[in-house]
Structure formats: C-alpha cells, structure tokens
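FYI, it's all coordinate maths here, none of it is from the lab. Remember, it's a predicted structure, so these values are computed and weren't measured experimentally. Ideal geometry is used to build each Cβ from the backbone, glycine not excepted, and the neighbour counts take in all protein chains shown.
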Amino acid sequence: MGGDAGAGQPDHAGRAEGQGRADARLAAVLFGIEFGLVYSALGAAFVYAIAAAESPINAVGQIGGYVTTYLGFGASVLGVYVWQCSQEKRNGKA
C-alpha cells in the first residue's frame with residue numbers, strides 16, 4: 001500500500017530523480033546555446049579589436065586572455081556535464 005513500487009504505485013523519490021535529470025538536460029541545452037552566442041559575440045569583438053587597432057598584434061594579446069579564460073570555463077563546465085552523463089549511462093540510470 002502507499003508508495004510500494006512493486007505494486008505499480010509511482011515512487012515519489014524516482015519521480016524527483018527523473019525531474020532532476022530533466023532539469024540538468026535543459027540546463028545543458030541552454031548552456032550550449034549561451035556558449036554559442038557568447039562565442040559569436042567574442043569572435044565579433046576579436047575581429048573588431050584587430051581591425052580598429054593601430055597594432056593588431058597588441059590587440060590579439062589584449063583580448064586573447066579573455067577568450068582563453070572563457071574557453072577554459074565553458075569547456076570545463078561542458079566536460080563535467082558530459083562526464084556525468086557518461087557515468088549515468090555506465091550505471092544504467094540514463
């Protein structure tokens with residue numbers, strides 16, 4: 001009676017876990033879209049900085065640090081997500 005999963009009753013903990021996975025997948029999709037939009041904007045800023053600078057080499061050095069920092073952050077977040085999905089597949093949860 002109640003929440004006995006063997007009797008065909010829904011398990012509330014399982015539903016909450018499934019909701020958490022759905023939220024994580026939605027967050028990953030939104031992060032991917034944001035990642036693409038920001039990189040497009042960074043690329044446009046990079047091209048503008050080089051075109052408008054008196055010394056293009058200095059412009060590359062100046063903006064290169066920002067691009068590297070954002071790339072490192074974004075790639076690490078994306079890497080953790082992919083690693084977690086792979087771990088769930090190995091455990092049979094996905």
To the nearest 0.05, how large is the calculated FRET efficiency for Val77 and Asp23 if R₀ is 25 Å and r is the Cβ-Cβ distance? 0.95
Counting only the backbone N, which residues of region 63-77 are under 16 Å from the spot 7 Å out from the Cα of Ala52 toward its beta-carbon? 63-64
Just rank Ile57, Ile63, fewest to most, by other beta-carbon atoms within 10 angstrom. Ile57, Ile63
FRET efficiency for Phe31 and Asn91, Cβ-Cβ distance as r, R0 = 30 Å, nearest 0.05? 0.85
How many angstrom separate the Cα center of region 21-41 from the Cα center of region 63-94? 11 Å
